[in-house]
Amino acid sequence: MTLKAVLFDFGGVLTKACWDTHEIAKLVAQALIDAGITPPEELIDTMRNTLDQRLLKVIKTQIEERMEDIIVEVLRKLDVPFNNTVISRALDYIMDAPFCQFREETDEVIKTLKKWGLKLGIVSNSPIAFHRRILKKRGLLAYFDAIIISCEVMYRKPHPEIFRIALNRLKVKPQEAIFIGDDLEIDIKGAKRVGIRGILIRNGDPYWLSRKKYLKISSDENIDPDYIINSLREMLDIIKREIF
């Protein structure tokens, strides 16, 4: 069946890195400072630890949590006074995603695929949907036909429903799509469970890899991707063979 759509993970695929709990905690602290509230010394560690614990939870449930709820929980735990303005400002700082770094070949790959007439989508796990904002800043937002973020649909990869939502929005069948991810368990296994072929990119998000090791998050290594690549640009040859 003819390939019609290419789906991407975000962090570790379109970006080299796009998550850092220490930086996120510092942005929450800055929102407090802006409001004239002195952040307690424990804020950074408490925020990071809470984000880690929420990560462990959602990996098991495959149901996403929201960054707003996590921030509120941390501030209440530390008895820090806050209001809606503080939360909104913290979320706004995080939405700017200063911790995100695009791969240098991302622009070329996205524009080439679009020129070839393919539908493009993103399927990403995140408790906050900063993706559209930073894609717009990069000048890439208009190239995507569907952007599915777990905090907006509540399902997290590898749950099959988040992939089905992407297919429905793109109006393609599983056999007409291919997915590029950097994690065997979350990305490739999830995609293949609904019949989407999977491309594994090595050298994924270093922060995610370090947290997996630190939190002892295991993966099923007995998953066979359809293709393995070392750089995003390598996928162009794979896609070219599929459509030409």
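Only the coordinates and a few stated rules stand behind these numbers; no lab work does. Remember, predicted model here, so these are calculated numbers, not experimental data. Glycine gets a Cβ as well: all are built from the backbone with ideal geometry, and neighbour counts include every protein chain shown.
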(message) If I build a Gaussian network model for the chain, linking alpha-carbon pairs within less than 10 angstrom, which residue out of Ile128, Ile33, Ile186 has the largest mean-square fluctuation?
(response) Ile33
(message) For segment 123-202 and segment 3-80, what is the centre-to-centre distance using only Cα atoms, to the nearest Å?
(response) 20
(request) Report the calculated FRET efficiency for Met154 and Lys240 (r = Cβ-Cβ distance, R0 = 22 Å), to the nearest 0.05. (result) 0.05
(request) At q = 0.16 Å⁻¹, what is the base-10 log of I(q)/I(0) for segment 43-162 according to the Debye formula with one equal point scatterer per Cα and no solvent? Please give it to two decimals. (result) -0.89
(request) Grab every C-alpha pair in segment 21-95, bin the distances at 5 angstrom width from 0 up to the longest one, and report whole percents. (result) 3, 17, 30, 26, 14, 7, 3, 1
(message) With unit charges on the beta carbons (Lys and Arg positive, Asp and Glu negative) and the dipole taken about the Cα centre of segment 1-46, which residue among Leu7, His22, Pro40 sits farthest to the positive side?
(response) Leu7
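Taking K and R as +1 and D and E as -1, what net charge do the other residues with C-beta under 14 Å from the C-beta of Ala31 add up to?
Values: positive: Lys26, Arg89; negative: Glu23, Asp34, Glu68, Asp92, Asp96.
Net local charge, Ala31 excluded: -3.
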(message) Place a point 7 Å from the Cα of Lys171 along the Cα-to-Cβ direction; which residues of segment 3-44 have their backbone N under 15 Å from it?
(response) 4-5
(message) Angle check, please: helix 43-61 long axis (alpha carbons) against the longest principal axis of the chain (alpha carbons), in degrees 0 to 90, nearest 10.
(response) 40
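How high is the relative contact order of the chain, in percent, counting Cα pairs under 8 Å that sit 6 or more residues apart? List each step's numbers first, then the result.
Working: 407 pairs, mean separation 66.0, N = 244.
RCO, the chain: 27 percent.
Specify the longest stretch of the chain that does not include any exposed loop site, a site being one of the trypsin sites (Lys or Arg not before Pro) with a non-H, G, I, E, B DSSP assignment and at most 13 other Cβ atoms within 10 Å. Walk me through the numbers on the way to the answer.
On the way: sites that count: Lys171, Arg202, Lys216.
That would be 1-170.
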(request) Any chance you could get the radius of gyration and Dmax over the Cα atoms of the chain, in Å? (result) 18.4, 61
(request) Take the alpha carbon atoms of segment 99-194, find their radius of gyration, then divide it by 2.2 N^0.38 Å using N residues; give the quotient. (result) 1.05
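One-quarter of the Cα convex hull surface for segment 1-47, in nm²?
Details: hull surface 21.5 nm².
Over all viewing directions, segment 1-47 projects a mean Cα-hull area of 5.4 nm².
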(request) For segment 185-192, take each phi angle, set θ = phi - 60°, evaluate the Karplus expression 6.51 cos²θ - 1.76 cosθ + 1.60, and give the result in whole Hz per residue in order, putting x for glycine and proline. (result) 5, 7, 8, 6, 4, x, 5, 5
(request) Pop a pseudo-label 7 angstrom from the Cα along the beta-carbon direction at both Val72 and Arg138 and give the gap in nm to one decimal. (result) 3.1
(request) Distance check, please: which entries in Lys77/Lys157; Lys60/Lys137; Lys16/Lys240; Lys111/Lys173; Lys4/Lys60 exceed 26 angstrom between their Cα atoms? (result) Lys77/Lys157; Lys60/Lys137; Lys4/Lys60
(message) Nearest 500 deg cm²/dmol is fine: what mean residue ellipticity at 222 nm does the chain get from its DSSP H runs of n ≥ 4 alone, each adding -39,500 (n - 2.57), divided by its residue count?
(response) -13500 deg cm²/dmol
